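Scroll down for the structure; my scribbles are underneath it.
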Amino acid sequence: MFNLVKGTHDISVDEADKYTYVEQILIQVAETFNFKEFRTPILEYTNLFTRSVGDSSDIVRKEMYTFLDKAGRSVTLRPELTAGIARSIVNSKMLALQDYPVKAYYVGPCFRYERPQLGRYRQFNQFGIECVGVNSPYRDVEAISFGYYCLKMLGFKNIKLKINTLGDNETRENYLKSLREYFSDKIEYLCEDCKERFNINVLRILDCKIDAESDIIKNAPKIVDFLSENSKNNFNIILKELDKLEIPYEIDNNLVRGLDYYSDVVFEYHHFSENGSSLGAIGGGGHYNKLIGEVGGPKDCEGVGLAFGIERLVILMDNENLFENKIDNSIDVYVMPIGPYQDRALEICNMLRLNGFSCDVCLENKNISQMIKKATKRNAKYALIFGEDEIKTGKIKFKNLKTGIQGEVEIDNVVSFLDNFDANLINKEN
Ligand code: HAM
């Protein structure tokens, strides 16, 4: 027996159907917003993340899977996809064409060396979007509403959208100065992590999970009091538009997000179950005004994006029974040879498969009731049954396993018969 690497998990059979379902819904919504799929490598040079996600973030400082390749270059298993997408957009020269914005969606695995628990893994999957080449608050609204509609399409009811603004560069400079002054004589009363954050990125103290309820953090200066006119206007436009779209939100002045590239609006989607429990954020994102420049693109090129954690969506949807009647794992036909006719069974199967029927076959010499059990377990709609007599006459038995209706059909006509099965029945009834 080989154990799973700590913090990783297998996704197999029924579980995989759920992941596929979630991803398909998210992709459908992305396509209605005209986002196009991007696939970037899982492995990137480490400095891509130190430059973009930022070396003051916990992700870069503590959680990256970084190692030297055989030529001694430092590479990292991506902890998120935004940096790679930004790099790819810049490298591909799409921005040079100035056909703004570039709208990308993506799905794939990410790696973070975190403490594993329910909904938190060391390898997990994200689905996200990036809209690059924008500096209109209406694009931010488009992104935020995209996330909200995704969750609605998945069937979620109790969603809380938390939103904040980190302001523009000037706002943040003034705000950080004031935060540093405020915390300078209080930091000794906060946790060890906060003491570290005070030196590295004082903004992150606001996001501390340990001291979240302490008065020191609650009474800290609020960024809204520092916003430049421009930042204030942009934020107000966003809130007003969300109101118009009837997307409920809650302003959370302490929402700062864990990645360094954000500016202006940031947001997170949380889900609360009936008993009030939460897995933390199921998705989050924000606007970025320096990221594209940091990875070699035009300095004034801005973007907005968000990502969902697919594991968290699946866990919550399971808890809320949102997969009920959504996943069709049935097959069209189960072929059942009675006796040593596996070769004929495979031929019939192939004929059906080539004509688009999903089809499985029993090749293990079972008796009829065992095969019916297998067909039922595989959720087959039709069984095709034949033995020596049927092969002689060229007519095989069919049974609709859902309705129990049965009869005979010529082997050569099986495809057209199944194609018209429902129509045949109606004709017979008439
Ligand atoms: P993030 O908030 O770090 O943002 O991650 C997005 C989502 O990924 C989280 O809300 C959570 O659902 C999921 N997630 C994060 N870490 C884990 C984990 N260890 N195990 C399971 N799920 C996890 C980003 O990654 C940004 N790139 C989002 C973004 C896109 N911002 C702009 N564009």
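The values are calculated or read from the model by the stated rules, or taken from the named source; none is laboratory data. All figures in this text were calculated on a predicted structure; none of them were measured in a lab. Note that each Cβ is placed from the backbone with ideal geometry, even for glycine, and that neighbours are counted across all protein chains shown. Please note that ligands, DNA and RNA were not included when accessible areas were found on the heavy atoms of the full protein model with its side chains. Shrake-Rupley method; radii C 1.70, N 1.55, O 1.52, S 1.80 Å.
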Nonlocal amide H pairs with VAL335, under 5 Å, H built at 1.01 Å: ASP360, VAL361, CYS362, LEU384
In degrees from 0 to 90, rounded to the nearest 10, what is the angle of the helix 137-154 Cα long axis to the longest principal axis of the chain? 40 degrees
Build a GNM of the chain with springs between Cα atoms under 10 Å: which of LEU43, LEU190, LEU363 gets the top mean-square fluctuation? LEU363
For ASN125, enumerate residues with amide H under 5 Å from its amide H, sequence gap 5+ or separate chain, H modeled in the peptide plane. CYS110, ILE310, GLU311
Lys and Arg at +1, Asp and Glu at -1: neighbours of ASP318 with Cβ under 13 Å from its Cβ sum to -3
Which of SER178, SER214, SER231 moves the most in a Gaussian network model of the chain with Cα springs under 10 Å? SER214
Mind checking the full-extension length gain between SER136 and SER330? Use 0.36 nm per residue of separation minus the Cα-Cα distance, one decimal, nm. 65.2 nm
For the chain, the longest principal axis of the Cα atoms and the Cα long axis of helix 229-244 enclose an angle in degrees, to the nearest 10, of 30 degrees
Long-range amide H partners of ILE282, meaning residues 5 or more apart or on another chain whose placed amide H is closer than 5 Å, are TYR269, HIS270, HIS271
Taking the highest mean first, how do the peptides 345-352, 145-152, 269-276, 402-409 order by number of other beta carbon atoms within 10 angstrom per residue? 145-152, 345-352, 269-276, 402-409
Along segment 93-109, what does the Karplus equation 6.51 cos²θ - 1.76 cosθ + 1.60 (θ = phi - 60°) give for ³J(HN,Hα), rounded to whole Hz, x for Gly and Pro? 6, 4, 5, 5, 6, 6, 8, 6, x, 8, 10, 10, 10, 8, 8, x, x
Enter the accessible area per residue of segment 27-160 (Å², integer; probe 1.4 Å; all protein chains in place). 47 Å²
Leaving out ligands and nucleic acids, note down the accessible area per residue over segment 368-416 with a 1.4 angstrom probe, in whole Å². 58 Å²
Sequence order, segment 407-420: Karplus ³J(HN,Hα) from phi using 6.51 cos²θ - 1.76 cosθ + 1.60, θ = phi - 60°, Hz rounded, Gly and Pro as x, gives x, 10, 8, 5, 3, 5, 9, 4, 4, 5, 5, 5, 4, 10
Extension gain from THR376 to GLU114, taking 0.36 nm per residue of separation minus the Cα-Cα distance: 90.1 nm
Enter the angle in degrees (range 0 to 90, nearest 10) between the Cα long axis of helix 342-354 and the first principal axis of the Cα atoms of the chain, meaning the one along which they spread out most. 50 degrees
Using only DSSP helix segments of four residues or longer, with each worth -39500 (n - 2.57), what per-residue ellipticity at 222 nm results for the chain after dividing by its residue count and rounding to 500? -11000 deg cm²/dmol
Roughly how many percent of the accessible protein surface of segment 301-400 is carbon and sulfur, given a 1.4 Å probe and a whole-percent answer? 46 percent
To the nearest 10 Å², what's ILE216's accessible area with a 1.4 Å probe? 40 Å²
Cα gyration tensor category, rounded, prolate or oblate, for segment 35-171 with a/c compared to 1.5: oblate
Listed residues LYS70, LYS103, LYS240, most fluctuating in the chain (Gaussian network, C-alpha, under 10 Å): LYS70
Of the heavy-atom accessible surface of segment 87-183 (probe 1.4 angstrom), what whole percent is carbon and sulfur? 47 percent
